[in-house]
Amino acid sequence: MTTLLLSDLHLPNTPSPLREGFLRFLHGPAAKADAIYLLGDIFEYWIGDDVGIAEYAAEVASLRALSEAGVRLYFMRGNRDFLLGPGFAKATRGRLLPDPSVIEFDGLRALLGHGDLWCTGDKAYQRWRRFSRNRLAQWLFLQLPIERRRAIAGDLRGKSREHKRYKPEDIMDVDPEVIVRTMREHGVARLIHGHTHRPADHQLRVGNHRAQRIVLADWREDRMEYLVAEDGQLRRVQLPPAG
Ligand code: LP5
Ligand code: MN
């Protein structure tokens, strides 16, 4: 059994080495795997399945080809692409998972999440998160003309960059107490998430037990990394450069 996990690719809707890298990933390592977990923020932003499926046609077609070849695909929504919907799941033949979800693969049991939910010190973000996950707010947004939606998304990305410049670093990370509580509630000794762009393997204690929090790497042109779960072991692998 080989399971691959990745997140935070932030693929733009214009041509880019990251998009080429993701396609190489899908046609290479992903095609030899049994299951792929994409833990959010695959896309720079997602303003509706009606727009995204067309804009990312090559990615969607490759994901679907993988599913049809028998690779199981699971998606979790991130804070950029939380509008991924049933149209996307249908087009890729993948499954959208609730955030968080407990998963068992090949003798490993882990709680998977995007990660933003646990950044509870970032009050402004959590307020925005609650608003933007509201079904009515999302429905209203999706009724807007495409260009209006695109303008709002661009504006929100600008605001986010601006806000992050002034936020203390520690509030943009997960809250350690929330992590321990969440792991205890779900009865897991392993948590895998992305979002914070601080890839690391943290050792911690949950009650009397040793536990592990694995933070996935965000993708950059010089670091397109994914996590491989195989034979009960986890390892980080870098996608080789093109050519
Ligand atoms: O994404 P990143 O890494 O820059 O920062 C995140 C948090 N920011 C976000 C915002 C996204 O980047 C923008 C997503 C666009 C999605 C498409 C549009 C869909 C709209 C649907 C509406 C129903 O997630 C950032 C965190 C950081 O991670 C670290 O955890 O700090 O949080 C913020 O920057 C949030 C600000 O602090 C508050 C923003 C308030 C904006 C309110 C404007 C209201 C306008 C409503 C328009 C619909
Ligand atoms: Mn994120």
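The values are calculated or read from the model by the stated rules, or taken from the named source; none is laboratory data. Here the structure is a predicted model, which is why all the values come from computation and not from measurement. Cβ placement follows ideal geometry from the backbone for every residue including glycine, while neighbour counts extend to all protein chains displayed. Side chains are part of the model used for accessible areas, which takes the heavy atoms of the whole protein and leaves out ligands, DNA and RNA. Shrake-Rupley method; radii C 1.70, N 1.55, O 1.52, S 1.80 Å.
Quick notes
- Some residue of region 203-218 being within 20 Å of ASP41 (Cα to Cα) and touching a helix residue (DSSP H, G or I) at 6+ places or on another chain (Cβ under 7 Å): yes
- Residues being more than 15 Å from ligand 2 (Cβ to nearest atom) and touching a Phe, Trp or Tyr at 6+ places or on another chain (Cβ under 6 Å) - total across region 76-108: 4
- Unique match (being part of a strand (DSSP E or B), at pLDDT 95 or above and open to solvent by less than 20 Å² (accessible area, probe 1.4 Å)) among LEU9, LEU26, LEU5: LEU5
- Positions within region 71-88 being over 18 Å from PHE141 (Cβ atoms) and open to solvent by less than 40 Å² (accessible area, probe 1.4 Å), in sequence order: VAL71, LEU73, TYR74, PHE75, MET76
- 2 or more residues open to solvent by 40 Å² or more (accessible area, probe 1.4 Å), over 29 Å from GLN238 (Cβ atoms) and within 16 Å of ligand 2 (Cβ to nearest atom): qualifying helices (runs of 4 or more DSSP H) within region 109-225: 123-132, 146-166
- Criterion (more than 17 Å from TYR226 (Cα to Cα), away from ligand 1 (no atom under 14 Å from the Cβ) and open to solvent by 50 Å² or more (accessible area, probe 1.4 Å)) met by exactly one of ALA91, ALA54, ALA31: ALA54
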